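Okay, so here's the structure we're looking at.
The values are calculated or read from the model by the stated rules, or taken from the named source; none is laboratory data. None of the values given here were measured: they were computed from a predicted structure. Cβ placement follows ideal geometry from the backbone for every residue including glycine, while neighbour counts extend to all protein chains displayed. With ligands, DNA and RNA removed, areas are computed over all heavy atoms of the protein, side chains included. Shrake-Rupley method; radii C 1.70, N 1.55, O 1.52, S 1.80 Å.
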Amino acid sequence: MARGLDIEFERFAHPHLRVNIPCTNSVAELAGGLSLESAAILPSSWIAPLPSGAAVWPRRSAPTLCVAAPLLPRIPAMRSLHALALSAFAAGAIADSASAQNCDLSTLFNAGQGLQAGGTMAFNLTVTTPIVITSFEVNTNATVGTPLPLSVWITPNAYTGQLANPGAWSQVGQDNGTGQAQGANLASPIPLQNPIILFAGSYGMALHAPTWTQRITVGNATNQTYSNACMTFQAGAGTTGLFSGSIVTPRVWNGNIRAQRANGLYADFTAGTPSGTTPHTVGFSDASFTTSPGGVLAWAWDFNGDSIIDSNLQNPSYTYTACGRYDVTLTADDGLNPPSTIRKRRFITADPQLLIDADFTFAAGAAPLSMAFTDASAGTPTLWLWDFNGDNVPDSALQNPTWTYAAPGTYTVSLEATNGCGSDTERKVVNVIVNDDCSGAITVTAGLSPVYTNTGATTSFPWPCAGGGTDVWYVYRAPCAGQLLVNLCTGTTYDSALEALSGTCSNLTSLACNDDTCNLNSSITFPVMGNQLYYLRVGGYNGADGNFRLNITYTPSGAGSWTSIFPACGGANLATTGTPTLGTAFDLAVTPTSGPTFITIGSLPIGVPLCPQGCILGHNMDVVLPGPTFTATVPCLPFLRGGSVYFQGITLGAAGGCAPALPIVTTNTVQATIG
């Protein structure tokens, strides 16, 4: 057995060979009884993934050694299992420190606000040891499953003073296209195309979310600093665009930074002039990181994405002669760690003035659930392919199509635009909303509404306050003249804006508009006339979006009253709820009931005694209604105000009252004075 293992290990010296060593329970077993002591058992704490590519797999039932390929290339051939066992111990020592490599840092997931889609959230990072960032986990209220594109930017020292200075920032990372929303206040992972390497130092970092809302928290004295052994996070501010637009501060980015100490080999590079006209010569500089004492020893470059090696120099140059966008790939080798490859997609732009930059806008169409799409691509495209529902099947080849959806919902829409220099694809999430403009307004009534959202809505026309935008529409019919209070103070997750309008959708007049009343949420009060429609437009400060609830309270302009004018007999009672005010509902109820019961309505009080027991016929009984309860709404007729109506309850066949001579019980008579 020892000879066979020894032969296998000699073969391992070949740089392209990958081998598996079976699991053993002790180093002595692995060594086949050679010079290592039989008691040398590998501690279970060493059994963990190795960052170099070899791995010691978890085997928790016993301290077991399981070494797996790939193993290190170009190492000297080992002629004995003694040397192999010593190598295994070295691998275990590396694995023993794996837990110390974790540099993940978390802030919080307790957002009170949202930074609108297209916004950029910035913060400071002070790094104490070289780290590798592989992904971010973000907080967003985007619909579960929504794609989450993200770009990562840095500036030296700190973000302070640089939020409106695009030239101070360099893009260092991009999502790999697999990130999806998981729900508000939950971690939504966004893996990066390539890891970001940060050396010890101070940085301003910015995360740009072009199509979705980043959830953030207002900074205070206790929530702006987060640290671990590798780095310190310091909040933070946001901009409504990519280093442009309004600035909100202090704000705390909600999320996790997934990182580890830099250990091993990580290929990386920079380019002097990534964009230019042809012939465009670009100088490339190796920026790879390695912990190998000998540094990086070999480089293999592919400058145009054809999978053919174009150069083996450390810092080469290459001339691009045809327009287009080009992927660039570098494979670095240090002779100790496994080779590392980095591919930067669409990294070089040749003749940017000729290239397609796909883009489009959209707005609600004329028909219900329809959306009108408008090509906004730069570069004069000649071909267009649209996918309106995310099924990767082209739905239209028109430049400016309209599409009608079968149902409201969230859809991923893509446009691939093409010209002679190539193609480009733009994807956007479109919320198909029935009330994106006035004509589709949803009817609401008094009280607290369900949860609504303005995410994905367009801006119908300019707002008179709050720089409002991203608006959705509702309509309320006032029962009578009075005051209407509408607020977004309950359940609203973003910086809102609220406007009330009267008239028709083609001729609207603004009545009230508000930005902040209850913290960052909105409230308005305005007079209303009976039976008139009033439109409510809900949007966000500078176009912010999120979830909200409308809370509507109608207060009539008058105040009706109840007066008991004649007493009851036999223990009966007529109870009233509500007020007899124009446009307002009220309730009447007779108690107790022991026989057929009626509620009577009259226009004149008469007060006629029915028997010595004190039962009284209180009014002229214009209307007799069967049953012990009655509910009505006072008509919104101004001439009723100040008038009176009389109500009384009667129970037949009941004991008490006028019985036995007349088996009847009467309640008190109440006068309703209409307000």
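In table form, for the structure just shown:
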| quantity | calculated |
| --- | --- |
| So residue 340, is it of a type in the set (Gly, Ala, Ser), modelled with pLDDT of 95 or more and on the phi < 0 side of the Ramachandran plot | yes |
| Near pairs, Cβ below 8 angstrom, 6+ apart or cross-chain, from the range 300-316 (among the aliphatic types (A, V, I, L, M)) to any residue that is open to solvent by 80 Å² or more (accessible area, probe 1.4 Å) and modelled with pLDDT of 95 or more | 300/309; 300/312 |
| Per-region count, the range 517-530, residues under 21 Å from residue 455 (Cβ atoms) and open to solvent by 70 Å² or more (accessible area, probe 1.4 Å) | 1 |
| Condition broken by residue 675, with the remaining ones in (1) part of a strand (DSSP E or B); (2) of a type outside the set (D, E, K, R); (3) open to solvent by less than 30 Å² (accessible area, probe 1.4 Å); (4) within 30 Å of residue 485 (Cβ to Cβ) satisfied | (1) |
| Among residues of the range 572-588, those that are part of a strand (DSSP E or B), open to solvent by 30 Å² or more (accessible area, probe 1.4 Å) and touching a residue at least 40 places away in the same chain (Cβ under 8 Å), counted | 4 |
| Members of the range 632-672 found to be farther than 14 Å from residue 597 by Cβ, of a type in the set (Gly, Ala, Ser) and open to solvent by less than 20 Å² (accessible area, probe 1.4 Å), listed by number | 672 |
| Test for residue 533: is it open to solvent by 30 Å² or more (accessible area, probe 1.4 Å), aliphatic (A, V, I, L, M) and at pLDDT 95 or above | yes |
| Residue ID - modelled with the lowest pLDDT, chosen from residues in the range 412-445 that are surrounded by fewer than 19 Cβ atoms within 10 Å (Cβ to Cβ) and closer than 30 Å to residue 475 by Cβ | 434 |
| From 114, 118, residue being under 25 Å from the mean Cα position of the chain (by Cα), assigned to a strand (DSSP E or B), under 28 Å from residue 493 (Cβ atoms) and not acidic (Asp, Glu) | 114 |
| Positions within the range 638-658 being in a loop (DSSP other than H, G, I, E, B) and free of Cβ contacts under 8 Å to residues at least 40 places away in the same chain, in sequence order | 642, 643 |
| Segments classed as strands (runs of 3 or more DSSP E), wholly inside the range 133-240, with at least 3 members that are closer than 22 Å to residue 110 by Cβ | 188-198, 201-208, 214-218, 225-227, 231-239 |
| Hits in the range 430-458 - residues which are among the aliphatic types (A, V, I, L, M) and within 22 Å of residue 359 (Cβ to Cβ) | 430, 432, 433, 457 |
| Among residues of the range 208-234, those that are of a type in the set (A, V, I, L, M) and more than 21 Å from the chain's Cα centre (by Cα), counted | 3 |
| Only listed residue being among the aliphatic types (A, V, I, L, M) and either without any contact (Cβ under 8 Å) to a residue 40 or more places away in the chain or touching a helix residue (DSSP H, G or I) at 6+ places or on another chain (Cβ under 8 Å) (or both), chosen from 512, 441, 457 | 512 |
| The range 536-566, residues that are part of a strand (DSSP E or B), surrounded by 20 or more Cβ atoms within 10 Å (Cβ to Cβ) and at pLDDT below 90 | 556 |
| Selection within the range 490-504 - open to solvent by 10 Å² or more (accessible area, probe 1.4 Å) and at pLDDT below 95 | 490, 491, 492, 493, 495 |
| Condition met for residue 361 (modelled with pLDDT of 95 or more, open to solvent by 40 Å² or more (accessible area, probe 1.4 Å) and assigned to a strand (DSSP E or B)) | no |
| Total residues in the range 296-332, condition of a type outside the set (S, T, N, Q) and open to solvent by 20 Å² or more (accessible area, probe 1.4 Å) | 17 |
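So that you can scan it fast, the table gives a plain yes or no per residue for (1) surrounded by fewer than 17 Cβ atoms within 10 Å (Cβ to Cβ); (2) among the charged types (D, E, K, R); (3) closer than 29 Å to residue 266 by Cβ:
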site	(1), (2), (3)
143	no, no, no
147	no, no, yes
162	no, no, yes
185	yes, no, no
196	no, no, yes
216	no, no, no
220	yes, no, no
230	no, no, yes
